[in-house]
Structures are given as structure tokens and as C-alpha cells.
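To keep things clear, I will list the structure first and then write my remarks on it.
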């Protein structure tokens, strides 16, 4: 007698629970494989998009593509069947982390704050903001922070204060 294998269709939620567990365990490569499968199976699911975008930046180092997909997750949420009254700050968290991994701290900071505006109690978002730290004002306040003099004086100030 042949055994019949029954494959049950996995829902987006099933995929994402597994991805979250793998991320907590820092098993990013396996999480990436599962997230890619969820994305391929459910290309319009906001959470599949969000986690796949984050892991695309984290594992594959495809910053632009990952950020683009994570941004698409926020747009997909509006068209999805998810409860529109419920906020999903994890989408902003993943997008912010993707920006952070890409080196764009300012935009990451903004995304974390957008997520906190939807859920002030979110510990992941507050942790990410805490890790970013509070920036001191520019040394020369009438010049932009990015101006080379402010950059170098700020580094010098930091070096002096940490010694």
C-alpha cells in the first residue's frame, strides 16, 4: 500500500510565527528562507511583505529592494482583510530596522516613532529607539548637523566626553 501524503496549506500566520521564532533565535538564514516562501505564496500579505523586506536587507544585503518591499507592506495593509481599526506597529518596526541596517538612522528613527504613535506600549519599538540614543544638538547650532565642521566637532566632543 502506498502512503498518501497530505499537505496542508500553511496560512500567512503559520509562516510568520515560524519566522518570528527563528529571528528571536538569531537564525536569520532559515527565517529568510521561510519569509521568502511566505512572500512567494502570499505576495499581497502585509506581514509577509514586511518580514521578507527586513530579511532581504539583513541576510541578502539588498537594501533598496528590501526597503521597497517593507514599504509596500504598509500600502498592502490598507487593501488587506486585516482589521483596519487595529494598528500594526510591527510593520513600522521592520521598516525602521531595514532602514537602520541600510545606514539611514534618521528615517529609521522616524519609522520607530510612527510605530509608537500607534502603540505607545510597544517594547520592541522603545528598545530600538533606546539603542539609537538621544542625539546632542549640533555643536554649531546655526549650521546643519551634516555640515562637515559640525560632524568633526561633534566627534571631537564625543571623544572628549567619553574619556
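All of the numbers you see were taken from the coordinates with simple rules; none came from a lab. Computed from a predicted model, the values in this text were never measured in an experiment. Every residue, glycine as well, gets a Cβ built from its backbone with ideal geometry; the counts of neighbours run over all protein chains shown.
Counting residues in the range 114-121 that are loosely packed, with under 11 Cβ neighbours inside 10 Å and closer than 30 Å to residue 24 by Cβ gives one or more. Screening residue 145 against (1) in contact with a helix residue (DSSP H, G or I) (Cβ under 7 Å, 6 or more places away or on another chain); (2) not in a helix (DSSP H, G or I) leaves a single unmet condition, (1).
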